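Colleague: Have a look at this one.
The values are calculated or read from the model by the stated rules, or taken from the named source; none is laboratory data. As the structure is a computational prediction, the values presented were derived from the model and not from experiment. Don't worry about glycine lacking a Cβ; one is built from the backbone with ideal geometry, like all the others, and counts go over all protein chains shown.
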């Protein structure tokens, strides 16, 4: 492990946390093979707390490290394809794509080759080590399981136009916390990596000229303007395809719902299925990782896929083995049901692992799930996000319901609790619309049970999502609905 501490964790960069040293293993595209699973499980046992956490970029974090990982072990991980062959660029954020790339029956293009090629490009161009650790790139293949709503600096989203597949270019601009914006530029797939390289070169020039190694693309574009930036990119390339398109011109344009990857789904390969597995708060015990490795070798292709929703997929399962896989997953302690409260439950490390957190978010989230599981059944996932502080590390986008950890004073006594937010809100409302303030955790489970119960009773139809339901009402109206339900009981 390289000496000193880095602000962002990597395999070769030690990062201190409340519960010990934190190491992050980049998994480009989120795809792991069974041998890599076992190797990571060994690292977690030998150096960490015996578990790993899946992050919202489909990375893996090893926590509670108290002894530096041996250099020979790091080299072995590199040889297995874990961590970059160039440690100088390993701090850069994971390259994101849909976890169903190559197996999604609705996708327009398989993005796995773009992930691999860009990862190789980063490794052999040492100047990219000057990029900020938070620099992020995403490729979306236009399938049913979309990652277009994920926050990234640069995104290429596949669309179908006049029977041909193009990538639309999106860049991070505007208000913080908003998804990247469409630049109205179409790129044939064969040129998008050249364009990406040019976009990064221009970005690096600005970083050097400003002498600001942490300059984010969003801040740069808000300052110099997208057109100015893209003109400098075009000067390094042949002219880009720059036709402006109305939404009606894009064939098959859709908004994919999050968490629809959970459960059993047919692949584009005839007779094969993938199973989307719920990981409570994204955590995998080392024993479970070894069990998953065995399972993928026995019934699948020896691979699994991590998701940006902190879950995982097991692909390439023959129809005859689907029921057996579900049974063995249950024996490992996993659920693959979208009705599980835990399927869309997200929490940061909380005060156990982070000094910035006001509350024990992971412990509170598990206790909340245990309470709700015996009292309410959901047909579709409701994304409940617990964040220990304003930084919102576990989930950068807005959720159906956000619980923000806070400390407050009651009768000269410091208390821990949450502010509760729902729905979309506006660009200035990072977590959505504030519904309640200063709720102690003792009050919280019953309150959320009531909110979810009223949602099920008052929604316009069974398919109306929780977010759609709350956005139909003003905050005062929602409070009145919940108050009336209390009186009716």
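Colleague: Given the conditions (1) in contact with a helix residue (DSSP H, G or I) (Cβ under 9 Å, 6 or more places away or on another chain); (2) surrounded by 22 or more Cβ atoms within 10 Å (Cβ to Cβ); (3) part of a strand (DSSP E or B), report the number of the one that residue 273 does not fulfil.
Modeller: (2)
Colleague: Okay, next question. Would you mind listing the helices (runs of 4 or more DSSP H) fully within the range 142-239 where at least 3 residues are under 24 Å from the mean Cα position of the chain (by Cα) and closer than 24 Å to residue 108 by Cβ?
Modeller: 192-210
Conditions (1) touching a helix residue (DSSP H, G or I) at 6+ places or on another chain (Cβ under 6 Å); (2) at pLDDT 95 or above; (3) exposed (fewer than 14 other Cβ atoms within 10 Å of the Cβ), marked per residue:
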site	(1), (2), (3)
406	no, yes, no
414	no, no, yes
437	no, yes, yes
444	no, yes, no
457	no, no, yes
461	no, no, yes
471	no, no, no
479	no, no, yes
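Colleague: Go through the residues of the range 340-349 one by one and say whether even a single one is surrounded by fewer than 17 Cβ atoms within 10 Å (Cβ to Cβ) and in a loop (DSSP other than H, G, I, E, B).
Modeller: Within the range 340-349, not a single residue is surrounded by fewer than 17 Cβ atoms within 10 Å (Cβ to Cβ) and in a loop (DSSP other than H, G, I, E, B).
Colleague: Follow-up. Tally the residues that are touching a helix residue (DSSP H, G or I) at 6+ places or on another chain (Cβ under 6 Å), assigned to a loop (DSSP other than H, G, I, E, B) and closer than 15 Å to residue 422 by Cβ, restricting the search to the range 382-404.
Modeller: Of the residues in that region, 3 qualify.
Colleague: I need the full set of residues from the range 72-86 which are in contact (Cβ under 8 Å) with a residue 60 or more places away in the chain and surrounded by fewer than 16 Cβ atoms within 10 Å (Cβ to Cβ), in order please.
Modeller: none
Colleague: Looking at the range 278-290, is at least one residue assigned to a helix (DSSP H, G or I) and surrounded by fewer than 16 Cβ atoms within 10 Å (Cβ to Cβ)?
Modeller: yes
Colleague: Of all residues in the range 21-59, which are closer than 22 Å to residue 395 by Cα and either in a loop (DSSP other than H, G, I, E, B) or modelled with pLDDT under 90 (or both)?
Modeller: Within the range 21-59, 21, 22, 23, 24, 25, 26, 27, 55, 56, 57, 58, 59 meet the criteria.
Colleague: When the residues of the range 105-132 are filtered to those that are touching a strand residue (DSSP E or B) at 6+ places or on another chain (Cβ under 9 Å) and in a loop (DSSP other than H, G, I, E, B), which remaining residue is modelled with the lowest pLDDT?
Modeller: Restricting to residues being touching a strand residue (DSSP E or B) at 6+ places or on another chain (Cβ under 9 Å) and in a loop (DSSP other than H, G, I, E, B), the top hit is 105.
Colleague: Got a sec? Which of 316, 364 is over 23 Å from residue 147 (Cβ atoms) and touching a strand residue (DSSP E or B) at 6+ places or on another chain (Cβ under 9 Å)?
Modeller: 364
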